[in-house]
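Attaching a single structure in structure tokens format; questions to follow.
The values are calculated or read from the model by the stated rules, or taken from the named source; none is laboratory data. Please read these numbers as outputs of a predicted model, since none were measured by experiment. Here the Cβ is made from the backbone with ideal geometry for all residues, glycine too, and neighbour counts use every protein chain on show. Protein only, heavy atoms only, side chains kept; ligands, DNA and RNA dropped before computing areas. Shrake-Rupley method; radii C 1.70, N 1.55, O 1.52, S 1.80 Å.
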Amino acid sequence: MALNLKPISGTANRVIVEPAAAEEKTASGIYIPDTAKEKPSKGTVVSVSEEDSEGKKPTVKVGDVVLYGKYGGTELPIDGKDYLIMRESDIYAVLS
């Protein structure tokens, strides 16, 4: 799903990421209460800028699953869903 957010993602290689859902239970089957859940550090890219002010094109593309810092990005609520807007340089890795 690609969002059409050109005014937001159109500068300085900004990327909009839909964070993955927080883990509901541990690998051993113990359910995690809402107060103990960690912020996800993985998500799916839903919008990218076309190029920055220097003409550089982004290396990530819509649909990529990426890893980013636990507190990276700025929360951006749109149509009842939460997204993160961040610089492409805040992304640590693209998962294949």
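At 0.36 nm per residue, minus the direct Cα-Cα distance, what do THR26 and THR44 gain on full extension? Give it in nm, one decimal, please.
Values: separation 18, 0.36 × 18 = 6.48 nm, distance 2.20 nm.
That works out to 4.3 nm of additional length.
Do any trypsin sites (Lys or Arg not before Pro) in the stretch 57-96 lie in a DSSP loop with no more than 16 other beta carbon atoms within 10 Å, and if so, which?
Passing both the DSSP loop test and the Cβ count: LYS61, LYS70.
Largest first, how would THR44, THR59 line up by accessible area (1.4 Å probe)?
I get THR59, THR44, largest accessible area first.
For the residue pair ILE78 and GLU54, what label-to-label distance in nm results when each label sits 7 Å from Cα along the Cα-to-beta-carbon direction?
In this crude label model, ILE78 to GLU54 measures out at 2.6 nm.
Let me ask something else about it. Please state the charge dipole magnitude for the stretch 14-95, taken about the Cα centre, from unit charges on C-beta atoms (+1 on K and R, -1 on D and E), reported in debye and rounded to the nearest 20.
Value, rounded to 20: 200 debye.
Taking the solvent-accessible surface of protein heavy atoms with a 1.4 Å probe, what is the per residue accessible area of the stretch 14-95 in Å²?
Ligands and nucleic acids excluded, the result is 66 Å² per residue.
Which loop GluC sites (Glu not before Pro) in the stretch 49-96, with loop taken from DSSP, have no more than 14 other Cβ atoms within 10 angstrom of their Cβ?
Here the sparse-neighbourhood loop sites are GLU50, GLU51, GLU54.
Also: When the accessible area of the stretch 14-95 is computed with all protein chains present and a 1.4 Å probe, what percentage of it is carbon and sulfur?
51
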